[in-house]
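Taking it in order: structure first as structure tokens, then the write-up.
The values are calculated or read from the model by the stated rules, or taken from the named source; none is laboratory data. Because the structure is predicted, anything quoted here is derived from the model rather than measured. All Cβ positions, even for glycine, are placed from backbone atoms using ideal geometry, and neighbour counts span all protein chains on display. Just so you know, the surface numbers come from the protein's heavy atoms only, side chains and all, with ligands and any DNA or RNA stripped out. Shrake-Rupley method; radii C 1.70, N 1.55, O 1.52, S 1.80 Å.
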Amino acid sequence: MLHSEMLGDGPDTIVFLHGIGGTVRYWKTRVLPLATSYRLILIDLLGYGQSPKPWTKYTVKRHVEELYQVLHEHESLTIVGHSFGSIVAMAFAARYPHMVKRLVLISLPYFGDKAGAFHYFRNSNLADRYVMTNIAFAALACVMTRYVLRWLLPYVLRDIPREVVQDLTRHTWRSYTSSVWDGIYRHDLVADTKRLDSNCDVLFLHGKRDNTAPLFGVQQLMDGHPDWQLDILDDADHHPLLRNPQWCLQAINLAMKY
């Protein structure tokens with residue numbers, strides 16, 4: 001069973017799904033103000049944080065199946081996902097439309113297909129060029145980070161909260177590489193958008209300076225969906241919640257009113 005934590009006891013439930021390398025602590029202190037009005041469920045995805053880390057393929061389908069075991073007794077959910085967590089959120093809503101009322105998708109990565117993702121990252125910075133396009137380098141980076149560089153990360157990534165940096169090592173090279181290759185590059189996100197219930201509200205929150213999940217991908221994905229909404233934070237990168245939590249909370253609160 002996936003590790004989860006519950007905050008608040010409001011009539012409406014909001015589920016939070018972190019991105020690759022994240023845990024429940026990515027959200028916990030920053031979304032706590034919402035607990036005065038809503039029930040919050042924070043979940044560690046399979047292979048991350050305190051959840052099990054089996055030797056398996058970390059496909060979106062597998063992530064959704066594990067998530068269902070935690071949420072199957074709930075209904076009218078609002079699911080907030082960050083990065084890869086927003087892909088899982090979209091897939092969950094497509095598979096279980098009767099359970100999901102609303103999606104808030106932060107920094108969703110969409111590149112069209114695997115070739116599009118590889119093309120984008122091959123023209124990115126040196127680190128992403130190797131780690132995001134070569135599975136062997138990605139696995140090595142995970143091992144090095146976990147066993148060699150973990151104590152240095154808080155001093156290198158000074159613009160990221162300490163607890164978030166610490167949790168960057170709470171996965172395995174298998175859960176990381178498979179989530180990227182099987183969960184992002186090989187997953188048909190467009191098929192999920194077509195299966196969504198037409199009554200499911202969709203709000204995208206995105207940083208204008210996001211170089212990990214480029215804004216143009218979300219804009220392309222929104223084509224043909226005039227009811228979907230996109231809010232852009234001009235001075236944010238891939239982590240709008242970390243850069244401006246109040247902006248994100250206001251957007252979520254406003255979405256909950258509809």
Self-check item: Failed criterion for Lys257 (all others in (1) open to solvent by 20 Å² or more (accessible area, probe 1.4 Å); (2) touching a residue at least 40 places away in the same chain (Cβ under 8 Å); (3) not hydroxyl-bearing (Ser, Thr, Tyr) hold)
Solution: (2)
Self-check item: Among residues of the range 225-251, those that are outside any loop (DSSP other than H, G, I, E, B) and more than 21 Å from Met90 (Cα to Cα), counted
Solution: 7
Practice problem: Give the residues of the range 203-219 that are closer than 8 Å to Leu108 by Cα and of a type in the set (Gly, Ala, Ser), sorted by residue number. | Solution: Ala213
Practice problem: Considering only the range 1-113, give the helices (runs of 4 or more DSSP H) lying wholly within it that have at least 3 residues that are open to solvent by 30 Å² or more (accessible area, probe 1.4 Å), at pLDDT 95 or above and over 18 Å from Thr177 (Cβ atoms). | Solution: 28-31, 60-71
Quiz item: Does the range 195-213 contain any residue that is part of a helix (DSSP H, G or I) and either hydrophobic (A, V, I, L, M, F, W, C) or over 28 Å from Met256 (Cβ atoms) (or both)?
Solution: no
Quiz prompt | Which numbered condition Leu254 fails, given (1) part of a helix (DSSP H, G or I); (2) in contact with a Leu (Cβ under 8 Å, 6 or more places away or on another chain) | solution = (2)
Quiz item: Just wondering, is there one or more residues in the range 164-175 that are modelled with pLDDT of 75 or more, part of a loop (DSSP other than H, G, I, E, B) and open to solvent by 30 Å² or more (accessible area, probe 1.4 Å)?
Solution: yes
Practice problem: Could you run through the range 208-254 and say how many residues are open to solvent by 40 Å² or more (accessible area, probe 1.4 Å) and among the small types (Gly, Ala, Ser)? | Solution: 1
Quiz item: Is it fair to say Asp182 is open to solvent by less than 20 Å² (accessible area, probe 1.4 Å), touching a residue at least 40 places away in the same chain (Cβ under 8 Å) and at negative phi?
Solution: no
Exercise. May I ask you to verify whether Ser124 is of a type in the set (Ser, Thr, Tyr), assigned to a helix (DSSP H, G or I) and out of contact with any Asp or Glu (no Cβ under 6 Å at 6 or more places or on another chain)?
Key: no
